[in-house]
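Visitor: I'd like to ask some things about the structure below.
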């Protein structure tokens, strides 16, 4: 027999209202600075059920974050067809003793190239054995075991029925995730959105036995391709090389740019180093289709400009359409997840708080930094682009972009990517070098102490 609920008494209802009122008042006192309007709205929110629309929006947001994270971490977009079938990179990873070519890639060599291992993908027994030094990190067979566990961040191995490595694909996380080194250097828990400034992308690609697809695309020899790839160095990648074929800057240095972080981008327009390519979801589509060589659809008629983008125009990159399309259905959730990744908070003790407070005043005042790096986005709301002349540097990289400009980079989480230098090409080794540049270029008249204070503020963001 069904239980009949007891009717609410007047005393019970009054008690409930008093309780909720007390909760609302308490939360309002605690959070009024962060959540304006709480006094007038919280009680009604607690008393009334969630609307169908609000529930739908909340559930949709949760679902998209989960789907986007899965895509960011694990989807190869069918890139195995390029990295495995064409470049045969998996054969160099396996080595001759395991059905490939050459010495193979041991875990120690992989870590030296900046590849990371996800500690949470390791069985407890394996993690324990690594910590005790019972795993041979000089053996390529161990690398294959890690690939079978999906433990190598950003790399997916495919194995045949005999257990041999048959192909390999890459994921977004390869360049835009790292680990916290909780177990040891290069092995730990994932940190999505962090730029992997240890990753030597060019040297990894150069391991591939067959670089003829890239050589044919660029119209040069495989030896030249290998030389260019090895010139990039750790933490750098040249996304425009397959568009314009410009491997070197006029000063003879490599044209590769430093890997940017993929966190803290909500509210930021034009999210690449140079301007007018597009926002986060444009670059996801660009990279997944053209740089990762995934299977999908990509449209940008600006790449049909044979004078500016001769390689892209000849290859038809401005209108790429694969079937099946393995990229486009993933873009919305991928975009949503990336915008949900916040910039990480600086560790305690990593900056001088008193100096940072003085630096904040200078940042918004005498130094004039906040004119472009507008808090709290720390880039311009709207069209956040500038000419090379406006920021006092050469225009080589900006001239490779559609409108020949540089983007005002957001500054939150700056402390996470100090390795490899600042600006698009890492030309400024330290934050003080950046401040010195603007102090000279804009004749700011900052003293040494004031410049130091601005640096401490930048480290605190």
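A short reminder: the numbers here are calculations on the coordinates, not readings from a lab. None of these values were measured; they are calculated from a predicted model. Because the Cβ atoms are built from the backbone with ideal geometry, glycine has one as well, and the counts that use them run over all protein chains shown.
Visitor: Please arrange 286, 159 by how many other C-beta atoms lie within 10 Å of their C-beta, fewest to most.
Guide: 159, 286
Visitor: Can you tell me how the stretch 59-132 classifies by the Cα gyration tensor, rounded, prolate or oblate, using a/c under 1.5 as the rounded cut?
Guide: Here the stretch 59-132 falls in the oblate category.
Visitor: For the residues 253, 246, what sequence is obtained by ranking on other C-beta atoms within 10 Å, fewest first?
Guide: 253, 246
Visitor: Report, to the nearest 10°, how far helix 448-460 tilts away from the longest principal axis of the Cα atoms in the chain, using its own Cα long axis and a range of 0 to 90°.
Guide: 80
Visitor: Taking the beta-carbon count within 10 Å as an exposure proxy, list 118, 305 from fewest neighbours to most.
Guide: 305, 118
Visitor: OK, next. Subtracting the Cα-Cα distance from 0.36 nm times the residue separation, let me have the gained length for residue 145 to residue 357 in nm, one decimal.
Guide: Here the segment from residue 145 to residue 357 would lengthen by 71.4 nm.
Visitor: Could you compute the FRET efficiency for residue 323 and residue 249, with r as their C-beta to C-beta distance and R0 at 35 Å, rounded to 0.05?
Guide: My answer for the efficiency is 0.35.
Visitor: Okay, next question. Can you give the FRET efficiency to the nearest 0.05 for residue 85 and residue 108, using r as the Cβ-Cβ distance and R₀ = 25 Å?
Guide: 0.35
Visitor: Please state the shape class of the stretch 172-309: rounded when a/c is under 1.5, otherwise prolate if a/b exceeds b/c and oblate if not, all from the C-alpha gyration tensor.
Guide: Oblate, because a/c is 1.5 or more while a/b does not exceed b/c.
Visitor: Compute the orientation-averaged projected area for the stretch 76-199 from the convex hull of its Cα atoms and round it to one decimal in nm².
Guide: 7.3
Visitor: Now a separate question. Expressed in nm², what is the orientationally averaged projection area of the convex hull enclosing the Cα positions of the chain?
Guide: 30.6
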